[in-house]
Ligand code: APR
Ligand code: PHB
């Protein structure tokens, strides 16, 4: 089998890349180890930056997002018994949208633009330094297949084979805490997200819809989610998020999912080797505190699709040659922002750190310059930054 771009991984990066390539007149085949049902139901982050929403709208994927998504003007920061609102519209003129990654994934599948082969195994990349790279795999029936391509896009997340095909340097930071995340069948107790600093640890109140909330608690690494009863989770969320503060109440509800997420930062550089290009989690991981994972994947494939269309349709490799450097500028900006939000909000147990965090939180909530810096990064820099 032959295609112009062999895409490995049908997460948001792989599916959106395929959609953008189709629109640009370049054909692709997507190889995915999991089933379509599994990929469509994974619970992931839920915040889209303005530039991600604009891009999705521009390429025909914005209808349900705009109808069912929830546009937010900003976020709340809660610390030292006070709640502060950061208004991104006033500060930067931009908003963010609450719309689950699961929903973005469904919209991409519904668009029907990607030719996806689900439940493949033993995916391997070959001859990536030549101008005739190819991928071998076993299809869902266990039959050996070979896919020849002009380029390979590694969109297979942090555990896929593409990352290994790119000999490169990587930078990594593992954090000494994790998030215990819950989904609950209860309407959000807040109109916008609350990020809370508390001596007991960080907490976040997020949401998925008018009837479903998503909340997180900082917990030690290695925590077993089963060791936290539903009652204890709600009690701790109430304490950290400021239940009772100025009459605010956290309304508990039935918990439908409970999991622990480790936190790390990881950047692989360069993001290209020969004819393999990495995008999304295959190239970088950010801790979830800045809500950047999905947005970075969208920014990568926006650049990559243009580069591959120029190269494979018009023979112009300028953008393909610049892809890694162009993508990494934004990746490092988001890596810094995610690290900064994470270290500002999570307690380390060191009293000196705690005082620095509180001072920084006071600065971002009382200085226009401090607030604008956070807002500009959170609401997202324009694509191409
Ligand atoms: N062959 C084919 N597909 C693979 C392989 C493999 N060997 N290994 C992994 N995959 C698939 C995974 O099953 C998954 O569907 O690659 C896909 C990678 O998708 P994601 O992990 O969703 O990564 P990405 O598309 O880059 O999206 C980034 O996902 O993790 C979040 O926070 C992150 O929101 C961000 C987004
Ligand atoms: C989420 O809704 O899952 C979410 C929101 C904001 C974050 C991280 C996760 O920073």
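The values are calculated or read from the model by the stated rules, or taken from the named source; none is laboratory data. Worth saying up front: this structure is predicted, and the values here are computed from it rather than measured. FYI the Cβ positions are ideal-geometry reconstructions off the backbone, even for glycines, and counts take in every protein chain you see.
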Out of (1) touching a helix residue (DSSP H, G or I) at 6+ places or on another chain (Cβ under 6 Å); (2) surrounded by 14 or more Cβ atoms within 10 Å (Cβ to Cβ), the odd one out for residue 316 is which?
(2)
Checking the structure you have, find out if any residue of the range 201-208 is at pLDDT 95 or above and either away from ligand 2 (no atom under 16 Å from the Cβ) or loosely packed, with under 14 Cβ neighbours inside 10 Å (or both).
no
All positions within the range 88-102 that are away from ligand 2 (no atom under 11 Å from the Cβ) and in contact (Cβ under 8 Å) with a residue 60 or more places away in the chain:
88, 91, 92, 94, 95
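Rundown of residues vs (1) at pLDDT below 95; (2) over 19 Å from residue 74 (Cβ atoms); (3) surrounded by fewer than 20 Cβ atoms within 10 Å (Cβ to Cβ); (4) under 23 Å from the mean Cα position of the chain (by Cα), yes/no style:
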{"residue": "171", "(1), (2), (3), (4)": "no, yes, yes, yes"}
{"residue": "175", "(1), (2), (3), (4)": "no, yes, yes, yes"}
{"residue": "184", "(1), (2), (3), (4)": "no, yes, no, yes"}
{"residue": "229", "(1), (2), (3), (4)": "no, yes, yes, no"}
{"residue": "237", "(1), (2), (3), (4)": "no, yes, no, no"}
Going by the structure shown, is residue 8 surrounded by 24 or more Cβ atoms within 10 Å (Cβ to Cβ), over 23 Å from residue 272 (Cβ atoms) and in contact (Cβ under 8 Å) with a residue 60 or more places away in the chain?
no
Options 255, 285; residue that is farther than 28 Å from residue 17 by Cβ, away from ligand 2 (no atom under 13 Å from the Cβ) and at pLDDT 95 or above:
255
Answer with yes or no whether residue 126 is within 30 Å of residue 274 (Cβ to Cβ) and loosely packed, with under 14 Cβ neighbours inside 10 Å.
no
Scanning the range 209-224 for residues that are surrounded by 15 or more Cβ atoms within 10 Å (Cβ to Cβ) and touching a strand residue (DSSP E or B) at 6+ places or on another chain (Cβ under 6 Å), which turns out farthest from residue 82 (Cα to Cα)?
223
Quick one: is residue 113 touching a helix residue (DSSP H, G or I) at 6+ places or on another chain (Cβ under 6 Å) and either assigned to a strand (DSSP E or B) or modelled with pLDDT under 95 (or both)?
yes
Mind checking which residues of the range 288-317 are near ligand 1 (Cβ under 9 Å from one of its atoms) and part of a helix (DSSP H, G or I)?
288, 293, 294, 295, 296, 297, 298, 300, 301
Of everything in the range 188-200, what is surrounded by fewer than 20 Cβ atoms within 10 Å (Cβ to Cβ) and either away from ligand 2 (no atom under 15 Å from the Cβ) or within 18 Å of residue 346 (Cα to Cα) (or both)? Give them in sequence order.
199, 200
Residues of the range 71-85 being buried (at least 17 other Cβ atoms within 10 Å of the Cβ) and over 21 Å from residue 98 (Cα atoms), in sequence order, are 79
Suppose we filter the range 70-84 for residues that are over 17 Å from residue 51 (Cα atoms) and in contact with a helix residue (DSSP H, G or I) (Cβ under 9 Å, 6 or more places away or on another chain); how many remain?
9
Could you pull out the residue among 348, 367 that is within 30 Å of residue 202 (Cα to Cα), surrounded by fewer than 23 Cβ atoms within 10 Å (Cβ to Cβ) and modelled with pLDDT under 95?
348
Looking only at strands (runs of 3 or more DSSP E) that lie completely in the range 121-233, which have at least 3 residues being away from ligand 1 (no atom under 15 Å from the Cβ) and closer than 20 Å to residue 287 by Cα?
169-184, 194-196, 203-209, 212-220
I'd like to check something: does the range 363-383 contain any residue that is in contact with a helix residue (DSSP H, G or I) (Cβ under 7 Å, 6 or more places away or on another chain) and more than 23 Å from residue 192 (Cβ to Cβ)?
yes
Where in the range 1-94 are there strands (runs of 3 or more DSSP E), lying wholly inside it, with at least 1 residues that are touching a strand residue (DSSP E or B) at 6+ places or on another chain (Cβ under 6 Å) and away from ligand 1 (no atom under 16 Å from the Cβ)?
2-8, 70-72, 74-79, 82-87
In the range 235-287, which residues are within 16 Å of ligand 1 (Cβ to nearest atom) and in a loop (DSSP other than H, G, I, E, B)?
271, 279, 283, 286, 287
